[in-house]
Amino acid sequence: MFRISRYLHVAAGQSVPPHRTPSAPVVIWNLSRRCNLRCRHCYTVSEDRAYPGELSTAEALRTIEDLWQAGVRVLILSGGEPLLRPDIFELSEAARERGFYVALSTNGTAIDDQNIERIAAMEYSYVGISLDGIGARHDAFRGREGAFDQALRGLRLCRDAGIKTGIRYTLTELNGEDFPRLIDLTREEGIDKFYLSHLNYGGRGHFNRARDASFRRTRNALDRLFEAAWRDVLDGNGREYVTGNHDADAVYLLYWLRDRVDEAAWQQVVRELQAWGGNATGLHVANIDNLGNVHPDTFWWDENLGNVREQSFREIWFNPDHPLLQTLRKRPRELGGRCGACQWKAICNGSSRVRALRLTGDVLGPDPGCYLTDAETGIAGDATAAALPDEQRERDRAYAEVFRVGARS
């Protein structure tokens, strides 16, 4: 996750907490695969049905203690739709009482007047609710009529209950037109956080990758997002803006800041971003699926590192001999193609290894979703290298066509 607001506070000369390297990863835990929606970009390919073999309540409670003993302190409870799991509050309370920072990632449709008090009583550190468009566009994206109104109601109920809330949005060509309105909605509704996720190629997101946002749309959306975040930093209202699944956003922010702050402030942002270090797949972020399998990334479910039923999380995650973890944790990573030649590797760290693997067949290959021009990456410095991003996309991704599959909904 790239915390835009943090680095804009730095650019504005405001103090931020010192960067800390965690001793254990943030864990995104898909407690259940069952979901009442059918989203186009769902990385778990979830449906509204039971999935056999999911961790029992007793197994999940043991896993919570196991994670704490491994040094994990941040736990994001996800799904499917986590609120459809009958013991969600029992597990949430156990994690909170143990001392975790506990966040809930939900589509919002299951939050209503009957359970909002129970949700508030859990004292979640954060509740993120997905909105992928306004009205009918969100409904089409999420596969259910009325989903937007239900999610917005859930968002408002959480906000009014005093819970820190955020809008989570995945940018694609299908819903890009609604992005400015969602930024406005965040302000109008007094929401604490806005999270823009780039499309990552897992599950249905892989099958629908032909509908990924164009590079032009991506850059325009980031310009608007940075502008909103900068205005809020200067106004001091405390709203937070973040992006996910594309660490090149940090590099793009540097170029966005170039003519807005002085050299000393800009260099300080560079140093902060280098300390952050970019993509944390297999290092500072881990995933546990509904069956207890541990993965190096939330979108990498075809790569199992081990299972918490059979081994402790510590044994799985800190295995010094696992070849993929060794590859991902090496600094600098031995990246190929444009990523290997990029001048900003120390900041971006190659961005999404899932996108690279899906389209090039190489976990260390270039991220085909990189929207930076050759001039920006430092690969070339002449005028022709500053081609329009959409033109560059066609040129730089041509090699990946052999790996393409037809888009399926």
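One line per residue, one yes/no per condition, for (1) out of contact with any Ser or Thr (no Cβ under 6 Å at 6 or more places or on another chain); (2) open to solvent by 20 Å² or more (accessible area, probe 1.4 Å); (3) part of a helix (DSSP H, G or I); (4) of a type in the set (S, T, Y):
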position	(1), (2), (3), (4)
R96	yes, yes, yes, no
D112	yes, yes, no, no
A120	yes, yes, yes, no
F141	yes, no, yes, no
Residue list for region 131-165, restricted to those being of a type in the set (S, T, N, Q) and without any contact (Cβ under 8 Å) to a residue 40 or more places away in the chain: T165
Region 255-275 - residue that is closer than 16 Å to L222 by Cα and in contact (Cβ under 8 Å) with a residue 40 or more places away in the chain and, of those, farthest from the chain's Cα centre (by Cα): R260
Evaluation of L31 against (1) modelled with pLDDT of 95 or more; (2) surrounded by fewer than 23 Cβ atoms within 10 Å (Cβ to Cβ); (3) of a type outside the set (S, T, N, Q); (4) in contact with a helix residue (DSSP H, G or I) (Cβ under 6 Å, 6 or more places away or on another chain) (one fails), failing number: (2)
From the options G190, G166, G244, G238, residue that is under 30 Å from A121 (Cα atoms), crowded, with 21+ Cβ neighbours inside 10 Å and not hydroxyl-bearing (S, T, Y): G166
Any pair with Cβ under 7 angstrom, 6 or more apart, that starts in region 65-93 at a residue that is within 24 Å of E47 (Cα to Cα) and ends at one that is part of a helix (DSSP H, G or I) and small (G, A, S): L75/A95; L77/S92; L91/A60
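The values are calculated or read from the model by the stated rules, or taken from the named source; none is laboratory data. Note that the structure is predicted; figures quoted are calculated from it, not measured. Because the Cβ atoms are built from the backbone with ideal geometry, glycine has one as well, and the counts that use them run over all protein chains shown. The area values use the complete protein model at the heavy-atom level, side chains included, leaving out ligands, DNA and RNA. Shrake-Rupley method; radii C 1.70, N 1.55, O 1.52, S 1.80 Å.
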